[in-house]
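Novice: Just dropping this structure here.
The values are calculated or read from the model by the stated rules, or taken from the named source; none is laboratory data. Everything numeric here is computed off the predicted structure, so don't read it as measured data. Every residue, glycine as well, gets a Cβ built from its backbone with ideal geometry; the counts of neighbours run over all protein chains shown.
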Amino acid sequence: MPDLALDLRYLRYAMLVAELGSFRRAADVLNLSQSTVSRRIQLLERRLGVPWFERSRSGTRLTYAGERFILDAAVGAGHLHQAASDLTLAQRGHLWPISRSRASGRLRGAERSPRPGEPSAPKGQFDPIWI
């Protein structure tokens, strides 16, 4: 099994290269050298044991494996970003508390009265979140 301890910055570099189709353009956007971006992505490719990109003079294309990984990683990155945003909102008291059911292992919004100024949520409209 490959080492999955990936640096999220390097994953962002790969996603940007995939979007722009060029290591040079991605490096320009990131304000890094092209060689730095290329080396970091090669590190990820070596860690996972599969090339993500086909490199040529005319640009860069994702391999089939790279495309699958980037698509799945983008979903995961979106979830991670949402979790960080939710954490910030919860710290400010803007999210409903979450409770864990010991029997089922799933998370659900806890019923409570809204604080002053908070919108009330209709009963029964909490979607369970599975871990």
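Novice: Hydrophobic (A, V, I, L, M, F, W, C) and in contact with a Pro (Cβ under 8 Å, 6 or more places away or on another chain): which single residue out of 48, 87, 44 fits that description? Give the derivation first.
Specialist: Values: 87 fails: in contact with a Pro (Cβ under 8 Å, 6 or more places away or on another chain); 44 fails: in contact with a Pro (Cβ under 8 Å, 6 or more places away or on another chain).
Exactly one residue qualifies, and that residue is 48.
Novice: In addition: Would you mind finding the one in 99, 104 that is of a type in the set (Ser, Thr, Tyr), in a loop (DSSP other than H, G, I, E, B) and modelled with pLDDT under 85? Give the steps one after another, and end with the answer.
Specialist: Working: 99 fails: in a loop (DSSP other than H, G, I, E, B).
Testing whether each residue is of a type in the set (Ser, Thr, Tyr), in a loop (DSSP other than H, G, I, E, B) and modelled with pLDDT under 85 leaves just 104.
Novice: Okay, moving on. Please specify each residue of the range 14-34 satisfying the condition of being of a type in the set (Gly, Ala, Ser) and farther than 15 Å from residue 56 by Cα. It would help to see each step written out before you state the result.
Specialist: Of the residues in the range 14-34, the ones of a type in the set (Gly, Ala, Ser) are 14, 18, 21-22, 26-27, 33.
14, 26, 27, 33 - these are the residues of the range 14-34 that are of a type in the set (Gly, Ala, Ser) and farther than 15 Å from residue 56 by Cα.
Novice: Out of the range 30-58, which residues are in contact with an Asp or Glu (Cβ under 7 Å, 6 or more places away or on another chain), over 11 Å from residue 14 (Cα atoms) and assigned to a loop (DSSP other than H, G, I, E, B)? Even if it seems obvious, please write down each step before you answer.
Specialist: Step one: list which residues in the range 30-58 are in contact with an Asp or Glu (Cβ under 7 Å, 6 or more places away or on another chain), which gives 47, 51-52.
In the following step, the residues that additionally are over 11 Å from residue 14 (Cα atoms) were identified as 47, 51.
The answer is 51, and nothing else.
Novice: Just for the range 13-22: of the residues that are under 19 Å from residue 72 (Cα atoms) and free of Cβ contacts under 8 Å to residues at least 60 places away in the same chain, which one is farthest from the chain's Cα centre (by Cα)? If you could, list the steps in order and put the result at the bottom.
Specialist: So in the range 13-22, the residues under 19 Å from residue 72 (Cα atoms) come out as 13-21.
Still in the list and also free of Cβ contacts under 8 Å to residues at least 60 places away in the same chain: 13-14, 16-21.
On the way: 13: 13, 14: 12, 16: 13, 17: 16, 18: 15, 19: 15, 20: 18, 21: 20 Å.
Per the criteria, the residue is 21.
Novice: Return yes when residue 1 is modelled with pLDDT of 90 or more and either within 20 Å of the chain's Cα centre (by Cα) or not small (Gly, Ala, Ser) (or both) and no when it is not. Before you say what the answer is, go through the steps one by one.
Specialist: Working: modelled with pLDDT of 90 or more: no; either within 20 Å of the chain's Cα centre (by Cα) or not small (Gly, Ala, Ser) (or both): yes.
The answer is no for residue 1.
Novice: Here is a further query. What residue, among those in the range 33-49 that are touching a residue at least 12 places away in the same chain (Cβ under 8 Å) and either exposed (fewer than 15 other Cβ atoms within 10 Å of the Cβ) or small (Gly, Ala, Ser) (or both), is farthest from residue 69 (Cα to Cα)?
Specialist: My answer is 38.
Novice: Now for a different question. Report yes if residue 25 is on the phi < 0 side of the Ramachandran plot, of a type in the set (Lys, Arg) and in contact (Cβ under 8 Å) with a residue 12 or more places away in the chain, otherwise no.
Specialist: Numbers: on the phi < 0 side of the Ramachandran plot: yes; of a type in the set (Lys, Arg): yes; in contact (Cβ under 8 Å) with a residue 12 or more places away in the chain: no.
When the stated conditions are applied, residue 25 does not pass them.
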